[in-house]
Amino acid sequence: MSKKKIVRPFQEGYFISGQIESLVFTDYRWDDGSVSRLWHIAPDKFDASRAILRPLSPQPPDESDQ
């Protein structure tokens, strides 16, 4: 039986235009150290270098998932 992989969000990217703030992507870190990005806006519609990054607070793992 293989070990269950765990992923946690660690930062989000926002775009601010005037008074409107839009969540553009969320970055996730896997327990093996690799990183994945989930886009909430199509990546070809937005320049990720213009995103405002906000770190997310680490949360302890949910023991019910183990």
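The values are calculated or read from the model by the stated rules, or taken from the named source; none is laboratory data. It should be emphasised that the depicted structure is a prediction, and the values quoted were computed from it without experimental measurement. Counting neighbours? That spans all protein chains shown, and the Cβs are built from the backbone with ideal geometry, glycine included.
Quick look at the numbers
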{"read-out": "Residues of segment 5-47 that turn out to be of a type outside the set (D, E, K, R) and farther than 16 Å from P58 by Cα, as a count", "value": "21"}
{"read-out": "Pairs with Cβ under 9 Å, 6+ apart, first in segment 51-66 and over 14 Å from D27 (Cβ atoms) and part of a loop (DSSP other than H, G, I, E, B), second modelled with pLDDT under 90 and not small (G, A, S)", "value": "Q66/K4"}
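Rundown of residues vs (1) loosely packed, with under 11 Cβ neighbours inside 10 Å; (2) aromatic (F, W, Y); (3) touching a His at 6+ places or on another chain (Cβ under 7 Å); (4) without any contact (Cβ under 8 Å) to a residue 12 or more places away in the chain, yes/no style:
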position: V7; (1), (2), (3), (4): no, no, no, no
position: F15; (1), (2), (3), (4): no, yes, no, no
position: Y28; (1), (2), (3), (4): no, yes, no, no
position: A42; (1), (2), (3), (4): yes, no, no, yes
position: K45; (1), (2), (3), (4): yes, no, no, yes
